[in-house]
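Bear in mind that the values in this text are calculations on the coordinates, not laboratory data. Computed from a predicted model, the values in this text were never measured in an experiment. Here Cβ is always computed from backbone atoms with ideal geometry, including for glycine, and neighbour counts include all displayed protein chains.
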Amino acid sequence: MCSIFTYGPWSEQNQYITPQSDFAHHGFDPNLFEMGKACLVIFSSSLFDRVLKQVSVVEDDFQWPYKTTPLQICSTSSGKRFGVHFPSYGGARIAHSLEQLAACGYEYIFGLGLGGALQEGVEIGDIVLLEGAVRGDGASRYYAPIEFPAVADFELVSMLSARLKASGETYHLGVSFGIDSLYREVETLIRRLRTLGVLTIDLESSAFLTVGRRLGLKCCWIGVASDRLVDEIHEGNIHADHVADKLLALSEHILQVIEEL
């Protein structure tokens, strides 16, 4: 499970349960709906609600069968359809959602989330665009050996980067560390990540990017530094209003990129 040279569940193909069989159990058929090719995955329930108020929700008859991880079909100003999804938190839940989104026919997945800053030059409220992640989660090891990199899709990262530059936004480009436990962000780990130049730490990036690529999805992650783990004490509040406002503004940039796909 830990190396490409040893047996791991990532090499097995005969699952007992598939997204398609799960859909059938709930009486859901994604082929009955025009769902679009891109999906905005939001790692905050409150932000999910705010974004839905800013976009046009279509398909009144659409009923996603998983109420705790909602999905809505929306459209851009030009009428291009896309999904907006809240997958809940943690690598296992992210992997589960990506399996379902892939089974729905989505090809482009934009992650919008939060991260704790690890470097002196990253301040609360700063934009972070990820090139990849260090795999500290456990879920992604069921999809690929640990040697497999958690890398964002180059095309989507380039499009988002160009969009931010055109809007005069400053941002940090680099890698994050995906962890499964908020309460295991210990001093020794943070110090080592800081030495390696890792920008942020979060609960989804490594599983999101690894599982997405393994499933053939084009994935990218952009977000905001919500707090700081730089000094000896934790600084900031992950629910700060100005951080949420910055995330909402970033969703507009993502929608512009979706228009271009």
Response to the item:
Those helices of the chain passing the 20 Å axial Cα length cut-off and the mean Kyte-Doolittle cut-off of -0.5 (DSSP H runs only) are 241-260
Practice prompt. Go through GLN15, ILE109, LEU203 and say which Cα lies farthest out towards the positive end of the charge dipole of the chain; charges sit on Cβ, +1 for Lys and Arg, -1 for Asp and Glu.
Written response: GLN15
Practice prompt. Quick one: compute the contact order of region 19-260, relative version, from alpha carbon pairs under 8 angstrom and 6+ residues apart, as a percent.
Written response: 26
Worksheet item: What range in the chain is the longest one free of chymotrypsin sites (Phe, Trp or Tyr not before Pro) that are in a loop by DSSP and have at most 13 other Cβ atoms within 10 angstrom?
Response: 17-261
Worksheet item: What ranking do GLU260, GLU155, GLU204 get, fewest neighbouring Cβ atoms within 10 angstrom at the top?
Response: GLU260, GLU155, GLU204
Response to the item:
For region 101-187, the percent of all C-alpha pairs falling in each 10 Å bin, from 0 up to the bin holding the max distance, is 13, 40, 35, 11, 0
Discussion item. Can you give me the Rg/Rh ratio for region 22-100, using Cα atoms for both radii and the Kirkwood formula for Rh?
Written reply: 0.94
Worksheet item: For VAL257, VAL243, what's the fewest-to-most ordering of other Cβ within 10 Å of each Cβ?
Response: VAL257, VAL243
Worksheet item: Once every DSSP H run of n ≥ 4 in the chain is given -39500 (n - 2.57) and the sum is divided by its residues, what mean residue ellipticity at 222 nm do you get, rounded to the nearest 500 deg cm²/dmol?
Response: -9500 deg cm²/dmol
Item to complete: Towards the positive end of the charge dipole of region 19-260, with charges on Cβ (+1 Lys, Arg; -1 Asp, Glu), say which of GLN119, GLY212, SER46 has the farthest Cα.
Response: GLY212
Item to complete: Using the Karplus curve 6.51 cos²θ - 1.76 cosθ + 1.60 with θ = phi - 60°, work out ³J(HN,Hα) for each residue of region 76-83 in order, rounded to whole Hz, and write x for Gly and Pro.
Response: 6, 5, 8, x, 6, 7, 7, x
Worksheet item: With charges only on Cβ, +1 for K and R and -1 for D and E, what is the dipole size of the chain about its Cα centre, in debye, rounded to 20?
Response: 360
Practice prompt. For region 208-240 and region 28-43, write down the distance between their C-alpha centroids in whole Å.
Written response: 23
Practice prompt. Select from GLY236, GLY178, TYR143 the residue farthest towards the positive end of the dipole of region 19-260; place +1 on Cβ of Lys and Arg, -1 on Cβ of Asp and Glu, and compute about the Cα centre.
Written response: TYR143
Item to complete: Distance from a point 7 Å along Cα→Cβ of ASP241 to each backbone N in region 101-115: keep the residues under 11 Å and list them by number.
Response: none
Item to complete: Using Cα positions and a limit of under 28 Å, work out the lysines in reach of LYS165, with same-chain residues fewer than 8 apart set aside.
Response: LYS37, LYS53, LYS80, LYS218, LYS246
Practice prompt. Taking the Cα atoms of region 19-260, report the difference between the largest and smallest coordinate on each principal axis, in whole Å and largest first.
Written response: 53, 39, 29
